[in-house]
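> I'd like to ask some things about the structure below.
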Amino acid sequence: MSNSHINRRSVLRGAAVAAVASPALVGKALAAGEVTWRVQAHWPKASSSFTDSLQVIADLLEEKTEGAFKLELLGAGEFAKGPDIYNIVRKGVVPMGTISPSYISDNAQAATFVYGIPGTLRQAWEMEHAMKNLGVEDLVNKELNEDGVHLMCEKVLPTEMTVSKKIESAADFQGLKIRSSGAMLDYLAAAGAAPQYIPGSELYQSLSSGVVDGAHWGAAIGAQSMSLWEVCKYHYKPVLAQTTDAFIMNIDAVEALPDDLRGALEEIITTRFFLRSAEYQHKEAIAITEGVAKDGIEVMQLPDDVLEMLAAASAKILETEGQKGEHAAKAADVYRTLMKDMGYA
């Protein structure tokens, strides 16, 4: 895809957002006929993000466009799951999907910086700022747009582990089988764990059968909505990373939309990113309280010797990821500058 194609799309996007509120344009879309997009989520339908994130987007879009633009929502595995979702969106099998940016580390140099570098940014607003104001999301799209895909961050969320075994020392962490993904695999392995990737649709069964000892699926909300606390009673802090989930869209499908429908989709996703991120932090606190009261979980702190190994791993991951190319180097600089300004480094 040429740069002129990307620039043309950018101009159209700006015009479309300005036109979203126009009833006349919505009328044009209605006259052109209803549009229905299938959206392949990486979240199982049991996940809170399927209902509280994806369903909300679908409802808002249908409302704003007076029924002209609808989303048909597919749970994990209905067409594809995990890393395979990127390819079916790229090929146009479905026009839109949700992913963890950890799934596309081979598709864009800075993808891991959108996913989140473990042990770096500590608060949700820092990640929001890095993605939207400091340009990390744009750096990923410089490559994805060339591949016919556009990414928009869906929310910022914390990553925390929930496990079936108590961790009181580095020795307890050795060989612990943790479901993980992306850079978090290297992060946990550096502290002696034995992390492995398992799709969300298979996670509960893997935990209940002992295939893995623990997992991170977001933090408290993810553990609660996926029933992980039924088999894992120890929920560990501190936050391992601030991470993101993301929407991906086939650019040709986006450009085929009438301007008003395109504008409505992009405006809703952009606005909802900040609203959902704030809402998520509040619901995290509620989920932890409910987990203690109703599920009998214990909220634990990782031992200092484990944290020391994780801190060393964080610095190495940041350095390694920043060496992947020009876009990755710029994303690493964003992280380093923000960490310095916040007094973390």
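The values are calculated or read from the model by the stated rules, or taken from the named source; none is laboratory data. Here the structure is a predicted model, which means the values were calculated and not measured. Cβ placement follows ideal geometry from the backbone for every residue including glycine, while neighbour counts extend to all protein chains displayed.
> I need the full set of residues from segment 213-272 which are over 20 Å from Ile198 (Cβ atoms) and of a type in the set (Phe, Trp, Tyr), in order please.
Answer for segment 213-272, where residues must be over 20 Å from Ile198 (Cβ atoms) and of a type in the set (Phe, Trp, Tyr): just Phe247.
> I would also like to ask the following. Could you figure out which of (1) closer than 27 Å to Pro101 by Cβ; (2) over 19 Å from the mean Cα position of the chain (by Cα); (3) at pLDDT 95 or above; (4) crowded, with 19+ Cβ neighbours inside 10 Å isn't true of Leu74?
Single failed check for Leu74: (2).
> Something else now. Give the residues of segment 192-206 that are surrounded by 17 or more Cβ atoms within 10 Å (Cβ to Cβ), touching a Ser or Thr at 6+ places or on another chain (Cβ under 9 Å) and in contact (Cβ under 8 Å) with a residue 40 or more places away in the chain, sorted by residue number.
The one that is surrounded by 17 or more Cβ atoms within 10 Å (Cβ to Cβ), touching a Ser or Thr at 6+ places or on another chain (Cβ under 9 Å) and in contact (Cβ under 8 Å) with a residue 40 or more places away in the chain: Gly200.
> Within segment 42-57, restricting attention to residues that are of a type in the set (A, V, I, L, M) and within 23 Å of Leu261 (Cβ to Cβ), which residue is surrounded by the most Cβ atoms within 10 Å (Cβ to Cβ)?
Here the answer is Leu54.
> Here's another thing I want to ask about it. Residues in segment 134-154: is at least one among the basic types (Lys, Arg) and under 15 Å from the mean Cα position of the chain (by Cα)?
no
> Related question: Residues that are within 14 Å of the chain's Cα centre (by Cα), outside any helix (DSSP H, G or I) and aliphatic (A, V, I, L, M): does segment 31-40 have at least one?
For segment 31-40, residues within 14 Å of the chain's Cα centre (by Cα), outside any helix (DSSP H, G or I) and aliphatic (A, V, I, L, M): absent.
> Please work out which residue is surrounded by the most Cβ atoms within 10 Å (Cβ to Cβ), limiting yourself to segment 244-267 and to residues that are within 17 Å of the chain's Cα centre (by Cα) and of a type in the set (Val, Ile, Thr).
Applying the filter and picking the extreme gives Thr244.
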